[in-house]
1. Going through Asp199, Asp135, Asp166 one at a time, which residue ends up being under 15 Å from Gln18 (Cα atoms), of a type outside the set (Val, Ile, Thr) and over 15 Å from the mean Cα position of the chain (by Cα)?
2. Given the criterion out of contact with any helix residue (DSSP H, G or I) (no Cβ under 8 Å at 6 or more places or on another chain), among the hydroxyl-bearing types (Ser, Thr, Tyr) and either assigned to a loop (DSSP other than H, G, I, E, B) or surrounded by 15 or more Cβ atoms within 10 Å (Cβ to Cβ) (or both), identify the matching residue among Ser104, Ser145.
3. Does Ser9 satisfy the criteria of being polar (S, T, N, Q), touching a strand residue (DSSP E or B) at 6+ places or on another chain (Cβ under 8 Å) and not in a loop (DSSP other than H, G, I, E, B)?
4. Of the conditions (1) farther than 19 Å from Gly206 by Cα; (2) out of contact with any strand residue (DSSP E or B) (no Cβ under 9 Å at 6 or more places or on another chain), Arg118 clears all except one; give me its number.
5. Quick check on Arg62: is it more than 18 Å from Leu122 (Cα to Cα), touching a strand residue (DSSP E or B) at 6+ places or on another chain (Cβ under 8 Å) and surrounded by 12 or more Cβ atoms within 10 Å (Cβ to Cβ)?
6. Looking at (1) modelled with pLDDT under 95; (2) among the small types (Gly, Ala, Ser); (3) surrounded by 14 or more Cβ atoms within 10 Å (Cβ to Cβ), find the lone condition where Ala47 falls short.
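The values are calculated or read from the model by the stated rules, or taken from the named source; none is laboratory data. Given the structure is predicted, the values throughout are model-derived calculations rather than measurements. Note that each Cβ is placed from the backbone with ideal geometry, even for glycine, and that neighbours are counted across all protein chains shown.
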Amino acid sequence: MADNTTGTSLQAAAYTAQGTARDSVPLPGAVFDGTVNMPVMHQAVKAYLANQRQGNAATKIRKYVVGGNQKPWKQKGTGRARQGSTRAPHWVGGGTVFGPIPRSYAQYVPRQVRALARKSALNARARENAIVVIDRFDYDAPRTSRLAALVDRLGFADQKVLILTDGSKPNVFLSGRNLPTVHVMPYGDVSTYHILWSDVVLIESGALGNDLEPIADDTELAPKRESKRPAAKKTAAKKAAPAKAAAKKAPARKATKRAAKKSTAKKAAKRPAAKRGGKKKRGGK
């Protein structure tokens, strides 16, 4: 049921975009007031899942099934029960009675109820110390390795992480799109379902109205991973270079050997012919 706890200021751990720890920050009391209303959250999540259904299931009643325009046999005299169509519901291949038809599964939840459910979900995560504040997500270009390194350094690699940015940030969204356990969306678009789906919520400080100034941080996570890959490629290339050179030399050696054999065979073929000709000349004399 509803669990209301007011007058308590909730704190959240804060980190830089590179994963360096900062001083904890207080969460805004307008949203994080400790209210957790379970029935409202259940209603919001149930409505969200119902609204995802397309409702395209459909079956054909007897008038839409092909065939059955003629009586299968005459009314009397056959000894069998009278039948008017082979597409009646009790016939194999006949129409379906009371089957599903296209319909809408949409459920409406009032705006204030949705707001209360969203607020309750955020408070539930705050009570579990599952809300982390990031000072600023400032990506010049999409970089999946950079976002993955941040999640890994915070220790959330094996958990479902929800990242809420201050407004729409396409570069951050594209950076986390290829990570199966990371979901990125603006803070204003988050729903109760997404908050309860996640194990940890990373919120940009600007979305909470508390702009944290970025501190000097020389830790660059993405370049480290990038520097390892080219080094590995270089060492692999160095190891593979002698093998490639040997592979290239082997056909050349074989070709030279074949050419030498052919030249010797030609010379051997020419020498006996010259000797025979000489013998014939001597015999003619």
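1. Sole residue among the options that is under 15 Å from Gln18 (Cα atoms), of a type outside the set (Val, Ile, Thr) and over 15 Å from the mean Cα position of the chain (by Cα): Asp135.
2. Among Ser104, Ser145, only Ser104 is out of contact with any helix residue (DSSP H, G or I) (no Cβ under 8 Å at 6 or more places or on another chain), among the hydroxyl-bearing types (Ser, Thr, Tyr) and either assigned to a loop (DSSP other than H, G, I, E, B) or surrounded by 15 or more Cβ atoms within 10 Å (Cβ to Cβ) (or both).
3. Judged against the criteria, Ser9 is not a match.
4. Single failed check for Arg118: (1).
5. Values: more than 18 Å from Leu122 (Cα to Cα): yes; touching a strand residue (DSSP E or B) at 6+ places or on another chain (Cβ under 8 Å): no; surrounded by 12 or more Cβ atoms within 10 Å (Cβ to Cβ): yes.
When the stated conditions are applied, Arg62 does not pass them.
6. Of everything listed in (1) modelled with pLDDT under 95; (2) among the small types (Gly, Ala, Ser); (3) surrounded by 14 or more Cβ atoms within 10 Å (Cβ to Cβ), Ala47 misses just condition (1).
Condition check ((1) in contact with a His (Cβ under 9 Å, 6 or more places away or on another chain); (2) surrounded by fewer than 14 Cβ atoms within 10 Å (Cβ to Cβ); (3) in a loop (DSSP other than H, G, I, E, B); (4) assigned by TED's automatic domain parsing to the domain that holds Gln11) across all residues:
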site: Leu162; (1), (2), (3), (4): yes, no, no, yes
site: Ser168; (1), (2), (3), (4): no, yes, yes, yes
site: Phe173; (1), (2), (3), (4): no, no, no, yes
site: Asn178; (1), (2), (3), (4): no, yes, yes, yes
site: His194; (1), (2), (3), (4): yes, no, no, yes
